[in-house]
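This report refers to the structure that appears directly beneath it.
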Amino acid sequence: MKIYTKTGDKGTTALFGGTRVKKHHLRIESYGTVDELNSYIGLIKDQDISSEIKNSLLKIQNELFTLGAMLATPPEKETLKNGKKRLNIPKVEENSIQFLENEIDKMNEELPQMTHFILPGGHQTVSFCHIARCVCRRAERLSVALNDSETVNEDILIYLNRLSDYLFVLARKLSKDLSVEEIKWIPKKNK
């Protein structure tokens, strides 16, 4: 199989189902940003962290691939002419969201209560989590914008929202695991 097809040389690409759209289409921006997020999660997973967290991140990466496929399928192309679903894979849905919530709750049990906003940083691995969190928020914003013009599965929006929370809590957990002091944001007062 050749890597290059030349079908996108004029600035368009195909969605699942064959519809061609401009490469800057909001649907492409949405799942492209999910792909970027997945790459950053791979970077976190490649750090010196526990195998339990690595396994959770691998599960999340797989679900993000599925989520990207869901975003790449316009609503009118979700069902084939024979009535079967185009994507014959388990979708990102309630159990995927519940997994993130369970992981957040489990990590939060070990963490001190937050009393201030926290600045990103303190350790490279923690910073990677914050970058991934920001990319996740961008993917969420783009998917919400897409939902304003074309229907997006609600579970996608909820999953991305919960995933950014997960990444924030993961940054806090990794700060603790790595014995790194969290950097509190304490704004200076006007005189």
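Of all residues in region 105-127, none that is part of a helix (DSSP H, G or I) has its Cβ atom under 9 Å from the Cβ atom of a residue that is open to solvent by 70 Å² or more (accessible area, probe 1.4 Å) and among the β-branched types (V, I, T), 6 or more apart or on another chain. Against the conditions (1) more than 22 Å from A139 (Cα to Cα); (2) touching a Phe, Trp or Tyr at 6+ places or on another chain (Cβ under 7 Å), Y4 satisfies every one except (2). Of the listed requirements (1) farther than 25 Å from E181 by Cα; (2) modelled with pLDDT of 95 or more; (3) open to solvent by 20 Å² or more (accessible area, probe 1.4 Å), E150 misses just one: (2). Would you be able to say whether some residue in region 162-185 is among the basic types (K, R), closer than 20 Å to M70 by Cβ and modelled with pLDDT of 95 or more? Yes, region 162-185 contains at least one residue that is among the basic types (K, R), closer than 20 Å to M70 by Cβ and modelled with pLDDT of 95 or more.
Being among the aliphatic types (A, V, I, L, M) and farther than 26 Å from Q113 by Cα: is that true of V144 here? Walk me through it before giving the result.
Working: among the aliphatic types (A, V, I, L, M): yes; farther than 26 Å from Q113 by Cα: yes.
Criteria met by V144.
A69 passes every criterion in (1) at pLDDT 95 or above; (2) under 20 Å from N88 (Cβ atoms); (3) not aromatic (F, W, Y) apart from (1). For the residues T66, T5, T73, the requirement of being surrounded by 11 or more Cβ atoms within 10 Å (Cβ to Cβ), free of Cβ contacts under 8 Å to residues at least 60 places away in the same chain and outside any helix (DSSP H, G or I) singles out T73. I158 meets each of the listed conditions (1) in contact with a Leu (Cβ under 8 Å, 6 or more places away or on another chain); (2) closer than 30 Å to P75 by Cα apart from (1). Please go through region 90-118 and give me each residue that is of a type in the set (A, V, I, L, M, F, W, C) and open to solvent by 70 Å² or more (accessible area, probe 1.4 Å), ordered by number. Across region 90-118, the qualifying residues are M114, F117.
The values are calculated or read from the model by the stated rules, or taken from the named source; none is laboratory data. In this text the structure is predicted, and so the values were computed from the model without any measurement. All Cβ positions, glycine included, derive from the backbone under ideal geometry; neighbour counts span all protein chains shown. To get the accessible areas, we keep the full protein, side chains included, count just its heavy atoms, and leave off ligands, DNA and RNA. Shrake-Rupley method; radii C 1.70, N 1.55, O 1.52, S 1.80 Å.
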